[in-house]
Structure formats: C-alpha cells, structure tokens
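The values are calculated or read from the model by the stated rules, or taken from the named source; none is laboratory data. The model shown is predicted, which means the values in this text are computed figures rather than measured ones. Ideal geometry is used to build each Cβ from the backbone, glycine not excepted, and the neighbour counts take in all protein chains shown. Keep in mind that these areas ignore ligands, DNA and RNA; they rest on the heavy atoms of the full protein, side chains included. Shrake-Rupley method; radii C 1.70, N 1.55, O 1.52, S 1.80 Å.
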Amino acid sequence: QVQLVESGGGLVQPGGSLKLACAASGSVFRLYVMGWYRQAPGKQRELVADITSSGTTDYADSVKGRFTISRDNAKNTVYLQMNSLRPEDTAVYYCNRRLRPLWGWGQGTQVTVSS
C-alpha cells in the first residue's frame with residue numbers, strides 16, 4: 001500500500017505564496033497520474049490540479065494561472081506551487097492518484113489564507 005505524506009502548508013496573507021510537497025512511498029508512483037485535492041470546512045473534497053507521468057498538467061478553473069503542479073519521479077514527490085493566494089483557497093490539501101482506485105489518504109496539510 002502506498003503511503004502519502006503532505007507538507008508545506010501554513011498561514012499566509014492574501015496574495016502570498018506557498019509550495020506544498022507530497023511524498024509517496026514505493027516505486028509505482030511514476031506510473032500514475034497524480035492530483036492535488038483540497039477540502040474546505042463544510043465542503044466536499046475537490047480536485048484542483050493533476051499531472052501525468054510525463055508532465056502534462058490540468059487545473060481547476062478556480063486556480064488556473066495561480067497554481068502550478070509538478071513532479072519529481074526520481075523522488076516520488078509531487079509539488080503544488082501556489083501563488084496569489086486568496087482566502088477562498090483556505091483548506092486542507094491532499095495528494096492522491098487522479099483516477100480510481102485511489103490510495104489511502106494522507107493526513108493532508110493545512111493552508112490558511114488570512115490577514
């Protein structure tokens with residue numbers, strides 16, 4: 001079973017930036033389309049960005065132009081660079097496979113955007 005560990009969250013002012021990282025155990029990481037998801041209080045978890053094994057990316061409209069997903073297959077790690085953060089980006093951020101069956105969820109990393 002692949003284990004996922006997210007990191008890099010924190011408290012940031014509107015307009016600020018953060019870079020999240022998600023490390024996956026095991027050697028199969030490079031085979032899969034990976035996604036970053038987020039869940040705000042009282043809302044369902046949503047996909048915000050995904051990246052294929054070769055680096056093709058896609059983004060939710062709400063983050064397009066502000067967030068950049070990338071991956072390092074040698075390090076089994078996927079990243080999310082978040083710029084121009086807004087209060088509505090406040091959520092717990094998770095990574096996982098883009099397509100089912102999903103792996104078990106990690107603990108996530110909290111991102112809070114507030115002045």
Which residue out of Ser54, Ser84 is polar (S, T, N, Q) and modelled with pLDDT under 95?
Ser54
Could you go through region 8-17 and let me know if any residue there is closer than 23 Å to Arg100 by Cα and assigned to a strand (DSSP E or B).
no
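Going through Ala24, Ala40 one at a time, which residue ends up being surrounded by 13 or more Cβ atoms within 10 Å (Cβ to Cβ), closer than 15 Å to Ala74 by Cα and hydrophobic (A, V, I, L, M, F, W, C)? Give the steps one after another, and end with the answer.
On the way: Ala40 fails: closer than 15 Å to Ala74 by Cα.
On inspection, the qualifying residue turns out to be Ala24.
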Subset of region 4-56 [charged (D, E, K, R) and in contact with a Lys or Arg (Cβ under 9 Å, 6 or more places away or on another chain)]:
Arg30, Arg38, Arg45, Glu46, Asp50
Mind checking which residues of region 56-115 are in a helix (DSSP H, G or I), surrounded by 13 or more Cβ atoms within 10 Å (Cβ to Cβ) and charged (D, E, K, R)?
Asp89
Verdict on Arg38 being free of Cβ contacts under 8 Å to residues at least 60 places away in the same chain and closer than 16 Å to Gly8 by Cα:
no
Failed criterion for Lys64 (all others in (1) under 20 Å from Ser25 (Cβ atoms); (2) among the charged types (D, E, K, R); (3) out of contact with any Ser or Thr (no Cβ under 9 Å at 6 or more places or on another chain); (4) at pLDDT 95 or above hold)
(1)
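Before we move on, is Ser17 in contact with a strand residue (DSSP E or B) (Cβ under 8 Å, 6 or more places away or on another chain), of a type in the set (S, T, N, Q), open to solvent by 20 Å² or more (accessible area, probe 1.4 Å) and in contact (Cβ under 8 Å) with a residue 60 or more places away in the chain? Write out each step before concluding.
On the way: in contact with a strand residue (DSSP E or B) (Cβ under 8 Å, 6 or more places away or on another chain): yes; of a type in the set (S, T, N, Q): yes; open to solvent by 20 Å² or more (accessible area, probe 1.4 Å): yes; in contact (Cβ under 8 Å) with a residue 60 or more places away in the chain: yes.
Judged against the criteria, Ser17 is a match.
Considering each of Val48, Val12, Val33 in turn, give the residue that is more than 11 Å from the chain's Cα centre (by Cα), under 15 Å from Tyr93 (Cβ atoms) and modelled with pLDDT of 95 or more. Lay out the reasoning, then the answer.
Values: Val48 fails: more than 11 Å from the chain's Cα centre (by Cα); Val33 fails: under 15 Å from Tyr93 (Cβ atoms).
Step by step, each of Val48, Val12, Val33 is checked, and only Val12 is more than 11 Å from the chain's Cα centre (by Cα), under 15 Å from Tyr93 (Cβ atoms) and modelled with pLDDT of 95 or more.
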